[in-house]
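What follows is a short report on a single structure.
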Amino acid sequence: MRYIISIDPAACTGCRICEMVCSLSHTGTCWPERSRLRVVSEEADGRIDSVPVLCMRCEVPACRLACPTGATFEGGPAGALLVAAEKCIGCSACVWACPFGASTLDPATNVAHRCDQCEGDPRCVRHCPTGALRYVEEDKLVIAEQRRKAGVFIGLQRRIRGEEPGA
Amino acid sequence: MKSDYLYAGKILWVDLTYGKVWTTPTVAYTERFLGGKGIGVRIVWEKSGLPSVDPLGLDNVLSFNSGPLTGTMMPGSGRSLISSKSPLTGLLGMTDFGGSFSPELKYAGYDHLVITGQAAEPVYLTIDNEEVTIRSAANIWGLDTFETPKALRRELKNEEIKWACIGPAGERLIRFATIIGNTMDSAGRTGLGAVMGSKKLKAVAVRGTGGLRVDSPDRFYEVCARTHDALKASDPYKKIKDRGSTHGVDTYMHSGLAQAKDIQALGQRYEGYQKTGCFSCPLRYMEECRTPGISDGIVFYQWYADMATKIGVRDMMTLQKLALCINKYGYDAISFGDMMAWATELYEQTIIDEKDVGFPVAREDGEAYLRLAEMIAKREGFGDVLAEGLIRAARTIGRGSERYAVRMTQPIDKEPEEYKRTAQFYGHFAEGITGTRLAFPIGDAGKAETIVHAEDAIGRAEIVGTCKWHTEFSALPVTMDVHAEVLSIGLGKEITADELSRYQRRVCQLERAFNCREGLRRQHDTPPDQYFTYSGPEGRFEDTAMDRSKFEVLKDRYYQLRGWDLTTGVPTRATLESFGLKDVADELERQGIL
């Protein structure tokens, strides 16, 4: 069973509690740059849109493939993409390779890091106040997403039949 | 309090007259004043406290303050408290906004940013960790508060900056101008945007990539986690979660500050809004709205609740247009409501007419108020008179207009019929007109105690660096004990609840001493005469006049609780010394006040 932390940008308010929780529990500091997930916000005309950026647990992880020393490996109870600190040379290959910007170097140690899913109980998820971060079984998520998107077509059919949308 | 933890460690000073930048250790202030507002008030007391200092002159200082808990996992740790001498009241001016400006400032290495002097030409300040630069604001001066951050990001080629800025109202020294921070929250009360404008400082852009150390990270995480959970389990939280900041209207309702028809108006909730909020805050107190013709923006319940009750405009679209227009120009929506209610009454009483204003003014006429909102921002015609604030505007107009300035001191109040309930709180302490002190006791019994309790809850949050709305003052479970515990763990030094309370009460004495040095005395802690006789136009609000003798009894009680002289209202030497403020007592004596 594969668990992922799913993100819902529409629900994210940009409060960055996740950054605080992550940096505090992994590094003992309140230091956003050391957090393994970052909230990226765009402000325009008094409107703010935010999205949490974190490891997507790729089936073919570019970070692992790019690592020249084999420091990145799948491990832990969650099968996360962990880093063997003693092998990491701080070259940033994984940082550039990741299509999501979810691999970074810890600015205090210059060792690569990314979300380790807190050994199967991600604290950011626990404290996210809006459900923008959820810890879910990937299969169930996929099915739910299929149902949500299929709903568009089902609604269309109903409208064609002259029924109330969403009835 | 000395500790290597939680504090960033430095105060950043910027002298705009000479273009000089330097830092001093925060620890010089923490022993007696802990942080946040405590240190902010102390800095203003030291640097621009004397009555001779013009709030809009060279010698006033403007201090952006954070506390030891700012920028941590503690909920509500994103607030920035700004202190200076107010151009509106001439007393201590304090106001605050949410967002993430202060956390970023701490990550850059600074607990406080203190601006002194005045630049010759418009400038803005950039802080990129240790690198502090004063830059020409030639390209952004004149822009509104929506355009300014865009221009800053464009010019600095940096999307990550956090910012604070003024709009055209601050530039034009409108005495109730605001300072706006990212998330578009405004530090609205006491006109500190005009202080920033007088310094020709358009904006501050900060980027900090450092972090804050914590003494016992695991325990600190646990106590913060517990506080987050307690917040989310609380009743007010659930209301805010469902209804955003309009839940605050309930408070207005219960206290008699708003009427059923206003609530109905606010009930026309706007489709397509989204909640947003401040750094490290689960509450999401802001609502984003799309308002055609004005573009998007954040609104806060108080802006429209206030205007709806004061000027009778019930149409949600017009209220939002007003709120956003005011926010773009950068001035205080609450003061605006006061001014409009007053101007409308003058118009009804034919003290002013169409010739003065340029068009008719009538309650519920949203279009007229929108025009006036623009005129104030541009200091055009009658707007120029109003831009000076209520007291000065009444002086300029004369013709008995002062008699109608029931809101002479610009407290936050709503309709005359509520004065009786609230004015005894709002009206009395002139320094209390900052929007950071509210209390809603309806009867007289225990009112003084309630005021002290509310002031201490809010003050405590502002000293430790978390949001005042998170305290027991808003029925949220971040109590004195919680603050004391989380500070003790984070700092690695035991601070008891009593000690924390003592810090707050010490700062409260210093605030009072500041205002007494500016000339505030017992007789000023009184609302205008109309509060005691006023019954509204054509006696519309009979039975609203306050009882003077009851009010004086309440004042006695409050002074006793605070340890102030009953005749003068000045803190006694014994009180000041009991809080370790002998130097403050000596200064008051030098000024012939003690």
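The values are calculated or read from the model by the stated rules, or taken from the named source; none is laboratory data. Worth saying up front: this structure is predicted, and the values here are computed from it rather than measured. Every residue, glycine among them, receives a Cβ derived from its backbone with ideal geometry; neighbour counts consider all protein chains shown. We work out accessible area using only protein heavy atoms, side chains counted, and drop any ligands, DNA or RNA first. Shrake-Rupley method; radii C 1.70, N 1.55, O 1.52, S 1.80 Å.
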Burial of 40 Å² or greater, the stretch A:111-153 residues [accessible area, probe 1.4 Å, versus chain by itself]: A:ARG126, A:HIS127, A:PRO129
Accessible-area loss of at least 50 Å² (1.4 Å probe, chain alone to full protein assembly) applies in the stretch A:1-37 to A:THR13, A:CYS15, A:ARG16, A:ILE17, A:MET20, A:LEU24, A:CYS30, A:GLU33
Using the Cβ atoms and a cut-off under 9 Å, what net charge is assigned to the surroundings of B:LYS150, where Lys and Arg are +1 and Asp and Glu are -1? -1
Could you look at the stretch B:1-86 and say what percent of its accessible area is carbon and sulfur, using a 1.4 Å probe and all protein chains? 51 percent
If amide H atoms are built 1.01 Å from N in the plane of the peptide, which residues on other chains or at least 5 residues away come under 5 Å of the amide H of A:THR72? A:ALA84
Counting Lys and Arg as +1 and Asp and Glu as -1, each charge on the Cβ, what is the dipole of chain A about the Cα centre in debye, to the nearest 20? 340 debye
If you bin every alpha carbon distance in chain A into 10 Å steps from zero, what whole percent lands in each bin? 10, 33, 32, 16, 7, 3, 0
Given a Förster distance of 22 Å, report the FRET efficiency between A:ALA150 and A:MET1 from their Cβ-Cβ distance, rounded to the nearest 0.05. 0.40
Expected integer from the mean partner chain Cβ neighbour count at 10 Å over B:277-284 is 6
Taking every other residue with Cβ under 11 Å from the Cβ of B:LEU346 and scoring Lys and Arg +1, Asp and Glu -1, one gets -3
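Over the stretch A:10-117, give the accessible area per residue in Å² for a 1.4 Å probe, as an integer. Before the final figure, lay out the partial values.
Working: 4330 Å² over 108 residues.
Value returned for the stretch A:10-117: 40 Å² of accessible area per residue.
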Quick one: accessible surface of B:VAL553, probe radius 1.4 Å, all protein chains present, in square angstrom to the nearest 10. 100 Å²
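Would you work out the charge dipole size for the stretch A:64-141 about its Cα centre, treating the Cβ of every Lys and Arg as +1 and the Cβ of every Asp and Glu as -1, and quote it to the nearest 20 debye?
Numbers: 7 positive and 9 negative charges, 38 e Å.
My answer is approximately 180 debye.
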Tell me the accessible surface of B:LYS378 in square angstrom (1.4 angstrom probe, heavy atoms of protein chains only), to the nearest ten. 80 Å²
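With every protein chain present, what is the per residue accessible area of the stretch B:8-113 (1.4 Å probe, Å²)?
Details: 2410 Å² over 106 residues.
Result: 23 Å² of accessible area for each residue.
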For a protection proxy built on the mean count of beta-carbon atoms within 10 angstrom, sort B:62-75, B:103-116 highest first, please. B:62-75, B:103-116
Exercise: per-residue mean of other protein chain Cβ atoms within 10 Å, B:208-219: 5
Percent accessible area from carbon and sulfur atoms, the stretch A:20-167, protein chains only, probe 1.4 Å: 54 percent
Taking chain A and a Cβ-Cβ threshold of 4.7 Å, the cysteines left without a partner are A:CYS12, A:CYS15, A:CYS22, A:CYS30, A:CYS58, A:CYS67, A:CYS88, A:CYS91, A:CYS98, A:CYS118, A:CYS128
Probe 1.4 Å, protein heavy atoms only: B and A together bury a total accessible area in Å², to the nearest 100, of 3100 Å²
